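The values are calculated or read from the model by the stated rules, or taken from the named source; none is laboratory data. Only a predicted model underlies this, so the values are computations on that prediction, with no experimental measurement involved. Don't worry about glycine lacking a Cβ; one is built from the backbone with ideal geometry, like all the others, and counts go over all protein chains shown.
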Amino acid sequence: MEKKKMYEYIKKFGFGKKTGIDLPAEEEGIIPKSLDEISNVRLATLSYGHGIAVTPIQMITAINAVVNGGNLYKPRIVKEIEDSDTNNVFVNNSQVVRRVISKETSKKMREMMKSGVEHGTADGAKISGYDVGGKTGTSVKFVDGAYQMETTVASFLGVFPSENPKYTILAVIDEPKGASSGNVVAASCVKNIIKSIIDLEGILPDSSAETDSEEVEVPDIVGLKVLDAVNLLIENGLEHSITSFEVDSDDLVLSQAPAKGEKNQKRIYCRYNDRK
């Protein structure tokens, strides 16, 4: 990509400018001030993120444009405010700033991010039976006018579900110890957050999503005590998730999904409700 086009997209995605989010003390980040500052060497390093500094909210705002069909939106903290009678007293409507890429390009990027999790370097965020997209990042700190190769920042940006994203999650680890890549360190954080979302919303596995190769038959746990149900699922190599917040070991399982007798990949979640 020639430098004029590179610089154009840097600015289109909102880097080097405040997003306008309704929070104080937002930073602009750092980008080249003009085309004249982009040498051939800097053009090459810009392609993998050196020579530029962006804030986390700028990064999330940009990746949202990448996966949402191509529109850059102004980020917001509050969507709406209701009174005690659930009447809206304030509505903060979403605002499109500009179109950055085409819908076709956005679709290709979602596919690439999904492939990165399922088959590439972002596989640390893979959750069997669920479509997750993501991109790893490992940057080197710039201190006293020079890059310090021994000090890194690991990051991972995940989107879920990858085909029609509802959540964008950015995990940033400053100077991680041991393994320093975004896949090893930060991707596992994003994976755990997505698994919590899956549990909270009771999202069932997608039969079209990639899963582990070995299948097991789902046992019948309806009517069992929670503790007995958990032990049975573990014996069958199935992970489980309880949809209620307060659970006692003597509570009874009222329902389950997937149903008894279905063939499912190992590590697919069995979800069930419980109460006395």
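Some points to look at:
- Filter result for the condition that a residue is in contact with a helix residue (DSSP H, G or I) (Cβ under 7 Å, 6 or more places away or on another chain) and part of a loop (DSSP other than H, G, I, E, B), over Gly51, Gly124, Gly134: Gly51
- Residues being in a loop (DSSP other than H, G, I, E, B), hydrophobic (A, V, I, L, M, F, W, C) and at pLDDT 95 or above - total across segment 78-104: 2
- Take the conditions (1) at pLDDT 95 or above; (2) surrounded by fewer than 19 Cβ atoms within 10 Å (Cβ to Cβ); Val159 misses just one of them, which is (2).
- Pro75 being buried (at least 16 other Cβ atoms within 10 Å of the Cβ) and not hydrophobic (A, V, I, L, M, F, W, C): yes
- Residues located in segment 39-60, provided they are over 19 Å from Gln148 (Cβ atoms) and small (Gly, Ala, Ser): Ser39, Ala44, Ser47
- Tally, over segment 55-67, of residues that are touching a helix residue (DSSP H, G or I) at 6+ places or on another chain (Cβ under 7 Å) and surrounded by fewer than 18 Cβ atoms within 10 Å (Cβ to Cβ): 0
- Criterion (crowded, with 17+ Cβ neighbours inside 10 Å and either outside the structural domain of Lys135 (by TED's automatic domain parsing) or not β-branched (Val, Ile, Thr) (or both)) met by exactly one of Ile52, Ile21, Ile10, Ile30: Ile10
- Residue in segment 64-73 that is at pLDDT 95 or above, in the same structural domain as Ile30 (by TED's automatic domain parsing), under 22 Å from the mean Cα position of the chain (by Cα) and farther than 17 Å from Ser162 by Cα present: yes
- Applying the condition of being in contact (Cβ under 8 Å) with a residue 24 or more places away in the chain and of a type in the set (A, V, I, L, M) to segment 1-29 and asking which residue is nearest to Gly70 (Cα to Cα) yields Ile10.
- Some residue of segment 41-53 being within 22 Å of Gly134 (Cβ to Cβ) and at pLDDT 95 or above: no
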